[in-house]
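Inspection log for the structure reproduced underneath, given as structure tokens.
The values are calculated or read from the model by the stated rules, or taken from the named source; none is laboratory data. The structure presented is a predicted model; accordingly, all values stated were derived computationally and were not measured. Here Cβ is always computed from backbone atoms with ideal geometry, including for glycine, and neighbour counts include all displayed protein chains. SASA here: full protein model, heavy atoms, side chains in, ligands and nucleic acids out. Shrake-Rupley method; radii C 1.70, N 1.55, O 1.52, S 1.80 Å.
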Amino acid sequence: MATTVQNSKPIRFGKPSMTNLPYDLGSRIINTIMNSPKPDFTETDRIVSELMKKIDEERGAENGCVVSEGSSAQ
Amino acid sequence: MDALSAKGVLHNKWFYCDHLGSSENDLTDIKTFSVRDPDIAGGLANYLQNQAFDDENNNAMRTYLVRDYYTDELVGYFSIKSGMVSLNERKIEDDDGNIQVTFDTVPGIEIANFAVNNAFVVKHPEWKGLGVMIFDSFIRPLATQVASISGTMLLYIFALPFDSLINQYQRAYRFLRLEKRDEDDLHKRLKPFYDQSCIFMFQML
């Protein structure tokens, strides 16, 4: 039975440099950035809220106690 | 959980983050850190285990470990460093006809590394959104703190070019992409040294 050996080369991922950009490209990029709106975190908040609620339920059920609110970021 | 015994530099109800090296257990615990797809993201585990301490000591990077507040298990980690988007220097003529050299910059914070510990995920398969929680509770607040001290307009990341990851960064983390034309021009600058380019994604602080 013939066998085939495949030489798979790993793909090299690079990070583009964002400094010393050529004027035309850099101007367009900086213009895009400066005209971007601040993020709307409604979906982010929903995901985090669901996660915390899940943990509350699981750990509250494990310990048989009500968990109080923790301190927020300083 | 009272303020006097609060753990880490930041915490929420169930998790906290602290500088790498703050705990005597860090060196041991990071050895158990794993990623879901080692073929793709193995570099993230490798960085934490083999490079992060050196970069921390040199101030080249700030790496934070995220832990379960009550069990101290390692949940994830992220590394941030200062950065900027800038144009190259160019000469312009001012109103008086004098030539000046100028360049434009947008200062920012780069999320250089960011991974959830697969060993922790496997133990809690129903806890969806741990990465989003780390970003929301720790990464973005830290970046906001930096911005309150020194000019910082941007939070950015170079995402591996996989559609599912890019979509997640857009949908759940609210990162934006550049115009396709500009992404293509950026990526051309990488050739021939790299096969594919990570995608620059950003959000305003």
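The test for being modelled with pLDDT of 95 or more, in contact with a Ser or Thr (Cβ under 6 Å, 6 or more places away or on another chain) and open to solvent by 30 Å² or more (accessible area, probe 1.4 Å) holds for B:Asn118.
Determine, yes or no, whether B:Glu56 is farther than 30 Å from A:Thr32 by Cα and surrounded by 16 or more Cβ atoms within 10 Å (Cβ to Cβ). It is true that B:Glu56 is farther than 30 Å from A:Thr32 by Cα and surrounded by 16 or more Cβ atoms within 10 Å (Cβ to Cβ). Just the residues that are at the interface with chain B (Cβ under 7 Å from one of its Cβ atoms) and of a type in the set (S, T, N, Q), please, taken from segment A:26-56. Scanning segment A:26-56 gives A:Ser27, A:Thr32, A:Ser36, A:Thr44.
If only residues of segment B:158-205 that are out of contact with any Leu (no Cβ under 7 Å at 6 or more places or on another chain) and among the acidic types (Asp, Glu) are counted, the one that is nearest to B:Met84 (Cα to Cα) is B:Glu183. Pairs are defined by a Cβ separation below 8 Å, a sequence spacing of at least 6 or placement on different chains, a first member in segment A:38-62 that is on the phi > 0 side of the Ramachandran plot and in a helix (DSSP H, G or I), and a second member that is open to solvent by less than 40 Å² (accessible area, probe 1.4 Å) and among the aliphatic types (A, V, I, L, M); no pair meets this definition. Counting the residues of segment B:8-41 that are open to solvent by less than 70 Å² (accessible area, probe 1.4 Å) and at the interface with chain A (Cβ under 10 Å from one of its Cβ atoms) gives 10.
Among what's in segment B:9-55 and is in contact with a Gly (Cβ under 6 Å, 6 or more places away or on another chain) and outside any loop (DSSP other than H, G, I, E, B), pick the residue that is nearest to A:Leu51 (Cα to Cα). The qualifying residue nearest to A:Leu51 (Cα to Cα) is B:Tyr16. Taken over segment B:44-71, residues that are free of Cβ contacts under 8 Å to residues at least 12 places away in the same chain and charged (D, E, K, R) amount to 1.
Can you tell me which residue in segment B:135-157 is farthest from B:Met201 (Cα to Cα), limited to those that are open to solvent by 40 Å² or more (accessible area, probe 1.4 Å) and assigned to a loop (DSSP other than H, G, I, E, B)? Only one residue tops the list, namely B:Ser150. Checked against (1) surrounded by 14 or more Cβ atoms within 10 Å (Cβ to Cβ); (2) over 30 Å from B:Ser197 (Cβ atoms); (3) under 22 Å from the mean Cα position of the chain (by Cα); (4) modelled with pLDDT of 90 or more, A:Thr42 meets all criteria but (1). Starting from residues that are more than 8 Å from chain B (Cβ to nearest Cβ) and at pLDDT 60 or above, keep the ones in segment A:57-74 and report whichever is least open to solvent (accessible area, probe 1.4 Å). In this case the residue turns out to be A:Gly60. For the condition modelled with pLDDT of 90 or more, more than 25 Å from the chain's Cα centre (by Cα) and either surrounded by 14 or more Cβ atoms within 10 Å (Cβ to Cβ) or farther than 30 Å from B:Asp182 by Cα (or both), A:Leu51 does not qualify. Residues that are open to solvent by 70 Å² or more (accessible area, probe 1.4 Å) and either within 19 Å of B:Ser23 (Cβ to Cβ) or touching a Cys at 6+ places or on another chain (Cβ under 6 Å) (or both) within segment B:60-102 comprise B:Arg62, B:Tyr70, listed in sequence order.
The set of residues from segment B:158-205 being at pLDDT 95 or above, surrounded by 20 or more Cβ atoms within 10 Å (Cβ to Cβ), part of a strand (DSSP E or B) and at the interface with chain A (Cβ under 8 Å from one of its Cβ atoms) comprises B:Phe200, B:Phe202, B:Gln203.
Does segment B:80-99 include one or more residues that are of a type in the set (S, T, N, Q) and under 17 Å from the mean Cα position of the chain (by Cα)? Among the residues of segment B:80-99, at least one is of a type in the set (S, T, N, Q) and under 17 Å from the mean Cα position of the chain (by Cα), which makes the answer yes.
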